[in-house]
Amino acid sequence: MHEYPQQQPSGHEPGRGNGKSRRAIVISAGLACALLLAGGGFAAWKYEWFSGNAEATTAGGENPQGVTATEGAGSGKKGAAPSASPKPTGDPDVLLPSGPKSDFKQTATLDDGTTIRKTRLAGAKSGFEGDVWVWTPKEYDDPKYAKSAFPVLIALPGGNGFPTNYWADRSLGLQKAIAEGVQAGTSLPFVLVMPVLNPDNKYYYDGADIPGQAKMGTWMAEDVPNFARANFRTYKSREGWAFMGNSSGAFVGLKQVMEHPDRFRAVIANGGELVPDSPLWKGHQAEMDANNPEKLAQKLIDTKGPEVHVAFQYGTKEGGRALLDKFQQRFGKAPVTITIHEIKGGQHSGWDYVRGMKESGLAEVSKVLKGPKPEAG
């Protein structure tokens with residue numbers, strides 16, 4: 001079964017031909033069954049797992065009436081711009097929240113007290129409106145980091161990625177993996193931003209501005225990062241920005257990094273697909289080629305563009321190693337660095353990819369990104 005109960009059985013997906021089932025991440029038959037117990041079904045999943053206590057929160061997540069002291073913001077009302085205090089010191093790359101602040105609803109609480117929150121984002125650049133979930137690590141609200149920026153990891157699901165992003169489900173353990181990696185010294189404390197991937201459940205849009213369709217490329221490359229800048233302490237430079245994705249989300253993350261190396265530094269691509277294949281590209285070959293990671297990688301190599309890091313992951317039970325090896329052989333040259341991590345016994349599964357991220361992926365991108373800097377003393 002796929003990660004969403006409403007999706008078609010493996011081997012056929014809406015808007016795609018037969019044999020194109022790799023983009024639907026198999027989360028677990030056990031999870032799907034649990035969602036259907038006691039007649040709760042999809043309603044239980046939608047309203048309990050992703051609604052939490054529905055408390056209003058701010059970007060800092062602690063005070064529903066105003067912004068936390070570490071955010072340095074004012075009223076906490078929608079549209080209110082944060083004040084300039086506290087001012088960053090030292091690193092000129094630090095960008096304080098620019099506002100306007102978004103309205104958040106808490107959807108889950110983790111064991112360490114951190115929360116996952118959701119907001120509705122109207123993309124000013126793309127014109128698309130969709131949900132975005134956010135998780136901040138406990139270090140974000142630590143006073144000694146109050147003047148520091150944090151790296152942003154934009155996490156993308158597989159499958160249609162609409163109307164939810166399954167990384168916002170705490171049971172997959174992505175947030176816990178990051179927190180444990182921070183404690184072990186293998187991961188940076190990322191601000192995790194989890195937007196919807198597509199505008200509907202019918203087609204895949206390849207994270208691109210397909211002519212005549214919703215501008216999902218602009219949504220991902222501009223609106224989602226601008227949302228993060230508006231609400232959180234981030235880095236101005238690309239050194240604080242990365243993608244992570246599964247399957248269809250891996251493709252989008254890979255494409256964004258290759259297309260915008262001036263904005264994003266790295267990507268963890270899990271069970272990744274390497275070429276655009278949305279049926280909506282029909283009649284738009286030139287535009288499709290312009291969104292092909294292979295062509296974008298070659299352009300980056302030819303122009304000696306900024307360095308980017310690609311961390312591929314795949315499970316030994318899903319296969320696909322030959323395609324990743326071929327991509328690495330062709331494009332794994334300056335300024336493109338490519339690593340491939342093999343997840344022993346892993347399947348095309350979100351849980352297995354989290355295991356891989358704990359083994360390698362988070363450490364890979366953490367090596368090339370900037371982390372937060374505590375104040376001296």
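What to note about this one:
- For the peptides 235-242, 111-118, 250-257, residues were scored by their other Cβ atoms within 10 Å and the scores averaged per peptide; the highest-first order is 250-257, 235-242, 111-118.
- Each peptide among 267-274, 319-326, 101-108 gets the average number of other Cβ atoms lying within 10 Å of its residues, and from highest to lowest they stand as 267-274, 101-108, 319-326.
- Only lysines eight or more places from residue 358 in sequence, or on another chain, were considered; those with a Cα closer than 24 Å are 138, 176, 255, 317, 344, 367, 370, 373.
- Point-to-point label distance, residue 304-residue 321, nm (Cα→Cβ direction, 7 Å offset): 3.6 nm
- Three-way shape label, the range 303-377, alpha-carbon gyration tensor, a/c 1.5: oblate
- Straight-line cross-link reach from residue 101 at under 16 Å between alpha-carbon atoms covers these lysines, not counting any fewer than eight positions away in the same chain: 77, 78, 118.
- Here the peptides 190-197, 349-356, 297-304 are ranked by packing, the mean other Cβ count within 10 Å, and the order with the highest first is 190-197, 349-356, 297-304.
- In this rough spin-label picture, where each label sits 7 Å from Cα along the Cβ direction, the residue 376-residue 103 distance is 4.5 nm.
- Shape of the range 258-348, Cα gyration tensor, a/c cut at 1.5: oblate
- Efficiency of FRET between residue 129 and residue 287 - r from beta-carbon atoms, R0 25 angstrom, step 0.05: 0.60
Bear in mind these aren't lab numbers, they're just calculated from the coordinates by the rules spelled out. Since the structure is predicted, the reported quantities are computational estimates derived from the model, not experimental observations. Virtual Cβ from ideal backbone geometry, glycine too; neighbours counted across all protein chains shown.
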